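Asks: Quick one: this structure, given as structure tokens, is what I'll be asking you about.
The values are calculated or read from the model by the stated rules, or taken from the named source; none is laboratory data. In this text the structure is predicted, and so the values were computed from the model without any measurement. Accessible surface areas use protein heavy atoms only, side chains included; no ligands, DNA or RNA. Shrake-Rupley method; radii C 1.70, N 1.55, O 1.52, S 1.80 Å.
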Amino acid sequence: QVQLVESGGGLVQAGGSLRLSCAASGRTFYPMGWFRQAPGKEREFVAAIVWSGGSTNYADSVKGRFTISRDNAKNSVYLQMNSLKPEDTAVYYCAVGLTFSSWSAPADFGSWGQGTQVTVSS
């Protein structure tokens, strides 16, 4: 099973940017995704990308502000977050799709990383 390690979280002011990274212990040909969980809330989908990088999917709340990308040579996936808002505050997790059709439902993803905290101050 692939193991994932996220990094890049931190404290940023509203309107700022952060770039999250997720390093996988091995190669995966399945989609990879980013999810987030705020205190007292369920884990929610943020973005996903297929192995080729040719197709991406975003939650409506982050469209136009976040960009997901992957570097298969480095077994890594990234999340560039711009124009951050206080409501983006959460622990961000990356995960690997369980099938080629995994696209947004948390139940369709596995090998969850430990998460990285993102805090956006107003």
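Asks: Roughly how many Å² is the accessible area per residue of segment 1-121, as a whole number, for a 1.4 Å probe?
Replies: In whole numbers, segment 1-121 has 49 Å² accessible per residue.
Asks: Once the whole set of protein chains is in place, how much accessible area is left on Asp71, using a 1.4 Å probe, in Å² to the nearest 10?
Replies: Per-residue accessible area (Asp71): approximately 50 Å².
Asks: Ignoring ligands and nucleic acids, what accessible area does Lys85 show with a 1.4 Å probe (Å², nearest 10)?
Replies: 80
Asks: Now for a different question. Leaving out ligands, DNA and RNA, what percent of the accessible area of the chain is carbon and sulfur, probe 1.4 Å?
Replies: Carbon and sulfur atoms account for 49 percent of the accessible area of the chain.
Asks: Further, regarding this structure: Provide the gained length on full extension for the span Lys41 to Ala23, in nm with one decimal, where the gain is 0.36 nm per separating residue minus the Cα-Cα distance.
Replies: 3.9 nm is the gain from fully extending Lys41 to Ala23.
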